[in-house]
Amino acid sequence: MSVVSGVLLAGLALPVAGGIGLTAKSAAEGFDDIPDDFKTPPLTQATQIFDAKGGLIAKVYERDRTVLTADQMSPLMRHAQVDIEDARFYEHGAVDLKGVLRALGKNAESGTASQGASTLTQQYVKNVNVEKAGDDKDAVQEAQRKTLGRKIQELKVAIKLDEELSKDQILTNYLNITFYGHQAYGVEAASQRYFSKSNKDLTVAEAATLAGIVQNPSQYDPVRYPDNTVKRRNVVIDKMVENKHITADQAKEAKAAPLGLKVKDPQNGCITAKAGMGFFCDYVRHVVKQDPAFGKSAEERKKLWDTGGLNIYTTLDPDKQAAAQNAVSTNVKVTDTVSAAATMVEPGTGKILAMAQTRPYGLVTEKNQTVVNLNVDLAMGGGNGFQPGSTFKPIVAAAALEAGLSPTQEYKSPNKLEYPTMKTCEGTWKNEARPKTVVPNESADEKGPYQLKEAMARSVNTYFVQMEQEIGLCAVKQMANKLGITTKASGKPLEEVPAMALGVEEMSPLTMANVYATFAAEGTHCAPVAISKITTVEGKDVPVPAGHCEKVFSEDTAEALNTVLNGVTENKGTGAALHLKDDRQIAGKTGTSDHKKAAWFSGYTPQLATSVWLGGPAGGVEMRDITINGQYYPEVFGATGPGPIWRDAMDQALRGTPEQSLPMADIPDPVVKPDPSSTGTGTGTPTTAPSGPQH
């Protein structure tokens, strides 16, 4: 009794409530307007992520919870929880004086503090404070501290809540917020976790089991301590009989029933995604946490994601995802020393349609799993990227064409060339190495002169270095920026160096797929889009990032690029072996980095752009004398490694879709020059060599 008096003297105002409250001169002074968090708590719930056709990709949550209304809850469950936690809940106010006195008496008799007197409303207030603390361990500890000040504060809020909410509302909130063990929050998650059914379908025994867990989820854990759980369940059943919510016969039957667990393990996170969609799922998480559309600060965006309760509808096409995943998985084994990744983007919209890779999403390194998304930049859950090799050369060509150079531009293109002095955005780059740095072509027979179409088809290094010199490195960098390449995959700034033309600055497959989607869209660049719509579980729309598309080069440039990149996949081009089964028109570019540590093929049709990378996941595997998917390769090139993956992915993804033609330019072939060594009336020797290397 002295403890109660001490609480009162500490300033607690306890009004008459339910006819049996404590009285004081005013009602909870300072709490006239309690925070809405207590009346309608922002409960963390599961977020569901869907593909473009409405299929569930994954369910993710900080806390597994499904919020229900009162009429969606089992009456048995509501009765059981009240009977065991606070049988007089509907009779007393926020504070139960009889309960306090009874607890004091029991504790005095036993000499312990074994019996508490908190009402269900008070317990609810404490749970809200814990919920608000989130994953902040210090805040959670503070919310659970058993101090006089904390108790007074909780009592004041409970009193005010009891005035403003009905008993049924408080009980509903309590049943949605409380913890039932095994990562289950709220009655619905608990029903699914332990019995694999909705709470509305619970039997008397099952409802009593769940209600009994709440007091101590560890001690009454049905999985670890079933005997304890059964004893506690039977206590709850007795309370339900005592309060006339079930009959004696129902109680007898319920006590005789086995525990009957059908435990369903938590299905949480991107790791549960099927068909290789885990990496895209993780990409969506990064979008929500980083895009200002979802909150001005990182804290706001994190709160949105952690609170959950969202239905996120994405751009991922399940059919194209299957095509990409099948292609990487059937051409590269999980156990190979190298891995493959493929991203598909829709030209003209920026929608990410597929994101696949050989290594599965997961944490078990012994199974070659990884959570590093090899398709994206470091900031979005990826790594530091990979050198794109010659797939960067079309960007140099786009910059040159926009600068006014002709598609028939010719350079001497010697077999080897010292990097020449070049203009940068802020100065001049000079080849000051001793000896001077030299750029070679891939094979000894590659020497010019060449024009753009042939140089692209053969992937002639010295041609593009000379083109780069003429237009300047600044023009190349600016075109890369327009195409969405503002940094390297690591986030570091692009460097204005002549080797930029050869693709030495690391990129991700998503970045390169989006570049080639811009080529396919006749110069319209769209920022990558992963989310099309978000709604809350209440059906309210959440604003999503607006798509941003911009014309970055002319249609004349686009048509010229289509023509020269189509040439790569025809006749004597490096990608000539990559025709699709239906022989539809394609365009693309092969690429191989220094020391064969990365190989690429990026290409497109008017309706789909795909970029495929092949190499060591950490970038350190030289693909020479290597076996991939059981096949031996003396060395891997863009056409022989990633090329077939690209072809298989595109064949499956485009199957049954209408064939569309790329807008092309009329670029004449080089004039045939007479062969000075000929003594007859021969037709002369064309500048095109009989065959080209596979770059």
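The values are calculated or read from the model by the stated rules, or taken from the named source; none is laboratory data. Here the structure is a predicted model, which is why all the values come from computation and not from measurement. For neighbour counting, all protein chains shown are included, and Cβ atoms are generated from backbone atoms with ideal geometry for every residue, glycine included. What goes into the accessible areas is simple: the full protein's heavy atoms, side chains included, and nothing from ligands, DNA or RNA. Shrake-Rupley method; radii C 1.70, N 1.55, O 1.52, S 1.80 Å.
Do the conditions hold for GLY348, that is, is it within 14 Å of the chain's Cα centre (by Cα) and either of a type in the set (Gly, Ala, Ser) or within 13 Å of TYR283 (Cα to Cα) (or both)? It would help to see each step written out before you state the result.
On the way: within 14 Å of the chain's Cα centre (by Cα): no; either of a type in the set (Gly, Ala, Ser) or within 13 Å of TYR283 (Cα to Cα) (or both): yes.
So GLY348 fails the test.
Just one of (1) more than 23 Å from ILE471 (Cβ to Cβ); (2) crowded, with 19+ Cβ neighbours inside 10 Å; (3) among the β-branched types (Val, Ile, Thr) trips up VAL396, so point out which.
Condition not satisfied by VAL396: (1).
Considering only residues that are assigned to a helix (DSSP H, G or I) and out of contact with any Asp or Glu (no Cβ under 9 Å at 6 or more places or on another chain), look in segment 176-189 and name the one that is most open to solvent (accessible area, probe 1.4 Å). It would help to see each step written out before you state the result.
Within segment 176-189, the first condition is being assigned to a helix (DSSP H, G or I), and the residues that meet it are 176-177, 187-189.
Checking which are out of contact with any Asp or Glu (no Cβ under 9 Å at 6 or more places or on another chain) leaves us with 187-188.
On the way: VAL187: 1, GLU188: 23 Å².
It comes out as GLU188.
Does SER459 count as open to solvent by 30 Å² or more (accessible area, probe 1.4 Å) and under 21 Å from GLY638 (Cβ atoms)? Give the derivation first.
Values: open to solvent by 30 Å² or more (accessible area, probe 1.4 Å): no; under 21 Å from GLY638 (Cβ atoms): yes.
Criteria not met by SER459.
Any residue at all in segment 155-171 that is touching a Ser or Thr at 6+ places or on another chain (Cβ under 9 Å), at pLDDT below 95, at positive phi and of a type outside the set (Asp, Glu)?
No: segment 155-171 contains no residue that is touching a Ser or Thr at 6+ places or on another chain (Cβ under 9 Å), at pLDDT below 95, at positive phi and of a type outside the set (Asp, Glu).
Mind listing whichever residues of segment 194-228 are more than 19 Å from LYS264 (Cβ to Cβ) and not in a loop (DSSP other than H, G, I, E, B)?
Scanning segment 194-228 gives VAL204, ALA208, ALA211, GLY212, ASP227, ASN228.
Looking at SER593 and the list (1) of a type in the set (S, T, N, Q); (2) closer than 14 Å to THR391 by Cβ; (3) under 27 Å from the mean Cα position of the chain (by Cα), which single condition is not satisfied?
(3)
One residue is enough: does segment 287-300 have a residue meeting the conditions in contact with a Gly (Cβ under 7 Å, 6 or more places away or on another chain) and open to solvent by 10 Å² or more (accessible area, probe 1.4 Å)?
Of segment 287-300, the ones in contact with a Gly (Cβ under 7 Å, 6 or more places away or on another chain) are none.
Checking segment 287-300: not a single residue is in contact with a Gly (Cβ under 7 Å, 6 or more places away or on another chain) and open to solvent by 10 Å² or more (accessible area, probe 1.4 Å).
For the structure I just gave you, tell me whether ASP306 is among the acidic types (Asp, Glu), farther than 17 Å from PRO543 by Cβ and crowded, with 21+ Cβ neighbours inside 10 Å. Outline the logic, then answer.
On the way: among the acidic types (Asp, Glu): yes; farther than 17 Å from PRO543 by Cβ: yes; crowded, with 21+ Cβ neighbours inside 10 Å: no.
No.
Picking from ALA639, ALA653, ALA618, which residue would you name as being hydrophobic (A, V, I, L, M, F, W, C) and modelled with pLDDT under 95?
Numbers: ALA639 fails: modelled with pLDDT under 95; ALA653 fails: modelled with pLDDT under 95.
After applying the criteria, what remains is ALA618.
Working only within segment 141-175, note down all residues that are open to solvent by less than 80 Å² (accessible area, probe 1.4 Å), without any contact (Cβ under 8 Å) to a residue 40 or more places away in the chain and assigned to a loop (DSSP other than H, G, I, E, B).
THR147, SER166
If I filter segment 218-234 down to residues being open to solvent by 30 Å² or more (accessible area, probe 1.4 Å) and in contact with a helix residue (DSSP H, G or I) (Cβ under 7 Å, 6 or more places away or on another chain), which single residue comes out as nearest to GLN250 (Cα to Cα)? Show your work before the answer.
Filtering segment 218-234 down to residues open to solvent by 30 Å² or more (accessible area, probe 1.4 Å) leaves 218-220, 223-228, 230-231, 234.
From what's left, in contact with a helix residue (DSSP H, G or I) (Cβ under 7 Å, 6 or more places away or on another chain): 219-220, 234.
On the way: GLN219: 26, TYR220: 23, ASN234: 12 Å.
Here the answer is ASN234.
Just to be sure I understand the filter: pairs with C-beta atoms under 8 Å, separated by 6 or more residues or on different chains, first member in segment 83-95 and without any contact (Cβ under 8 Å) to a residue 24 or more places away in the chain and within 24 Å of LEU210 (Cβ to Cβ), second member in a loop (DSSP other than H, G, I, E, B) and of a type in the set (D, E, K, R). Which pairs pass?
ARG88/ASP96
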